[in-house]
Amino acid sequence: MRSNDRHQLLVAEIVEVFQQEGFIILAAAGVSGYSAPKRLPNDGYGDQEPKAPDVYCFDEKNNQHVIGIAKEEEAEFESEHSLTQYNVFLDQFDRTTGVQAKLFVIVPSSKIAQFNTLITHYIHRDYWRSIVLVSSKSLVE
């Protein structure tokens, strides 16, 4: 399976997870029926460019925005692009409530341990509670 196909499979799967959670899906890249997510502002991370998530949602129960991204390869976990994405997405706060967005990251089930290692190494511990790691049921390697 090509990388782009794998990525789209993960994006579709995280959309299903969000639907099961009852989140309002506002945008989802490459998923029929949804527009592509807008790029979110970058306040000085990595290349300084805004970044678009794969999925953008709202959780009414917790009055919180939810950002979803898919990562399919271990080499991609620590790329400069990915590290910038994590920082940009974890730096999103609701303008009216000040509530930090929650970041969901879906990875193949066999890559969970590697991704957890990355999070503890590269992401400041104050942000760990804002990250939800999703183990793919579709991509089992």
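Residues in the range 10-21 carry Karplus couplings, in order, of 5, 4, 4, 5, 6, 4, 4, 4, 5, 5, 5, 6 Hz; the curve used is 6.51 cos²θ - 1.76 cosθ + 1.60 with θ = phi - 60°, and Gly or Pro positions show x. Database remark: amide H of residue 99 closer than 5 angstrom to the amide H of 94 (H placed geometrically; neighbours at sequence offset of 5 or more, or on other chains; Pro and chain starts carry no H). Between residue 16 and residue 133, the simple spin-label model (points 7 angstrom out along Cα→Cβ) gives 2.2 nm. Note that the range 72-87 has calculated 3J(HN,Hα) couplings of 9, 10, 4, 4, 6, 4, 10, 5, 4, 4, 5, 4, 5, 4, 4, 5 Hz, one per residue in order, obtained from phi through the Karplus relation 6.51 cos²θ - 1.76 cosθ + 1.60 (θ = phi - 60°); glycine and proline are x. Accessible area per residue was computed with a 1.4 Å probe on protein heavy atoms; residue 111 scores about 40 Å².
Of 51/111; 38/61; 51/102, which ones are farther than 21 Å apart at the Cα? Walk me through the numbers before you get to the answer.
Details: 51/111 23 Å; 38/61 23 Å; 51/102 16 Å.
Pairs exceeding 21 Å: 51/111; 38/61.
The phi torsions of the range 45-56, fed into the Karplus equation with coefficients 6.51, -1.76 and 1.60 and a -60° offset, translate into couplings of 9, x, 7, 6, 8, x, 10, 9, x, 7, 9, 10 Hz, rounded to whole numbers, with Gly and Pro shown as x. Solvent-accessible area of residue 24, all protein chains in place: 70 Å² (probe radius 1.4 Å, heavy atoms, ligands and nucleic acids excluded). Computing Rg/Rh (Cα atoms, Kirkwood Rh) directly from the structure and comparing it against (i) 1.12; (ii) 0.99; (iii) 0.93 singles out (iii).
Dipole of the chain, Cα-centred, from +1 at each Lys and Arg C-beta and -1 at each Asp and Glu C-beta, to the nearest 20 debye? Mind showing how you got there, number by number?
Numbers: 13 positive and 20 negative charges, 56 e Å.
It works out to roughly 260 debye.
As an exercise, identify the GluC sites (Glu not before Pro) in the range 9-88 lying in DSSP coil whose Cβ has no more than 10 other Cβ atoms within 10 Å.
Numbers: sites: 13, 16, 21, 60, 72, 73, 74, 76, 78, 80; in loops: 60, 72, 73, 78.
Answer in residue order: 60.
The values are calculated or read from the model by the stated rules, or taken from the named source; none is laboratory data. Not measured: the values here are computed from a predicted model. In this analysis, Cβ positions are derived from the backbone assuming ideal geometry, glycine residues included, and neighbour counts consider all displayed protein chains. SASA here: full protein model, heavy atoms, side chains in, ligands and nucleic acids out. Shrake-Rupley method; radii C 1.70, N 1.55, O 1.52, S 1.80 Å.
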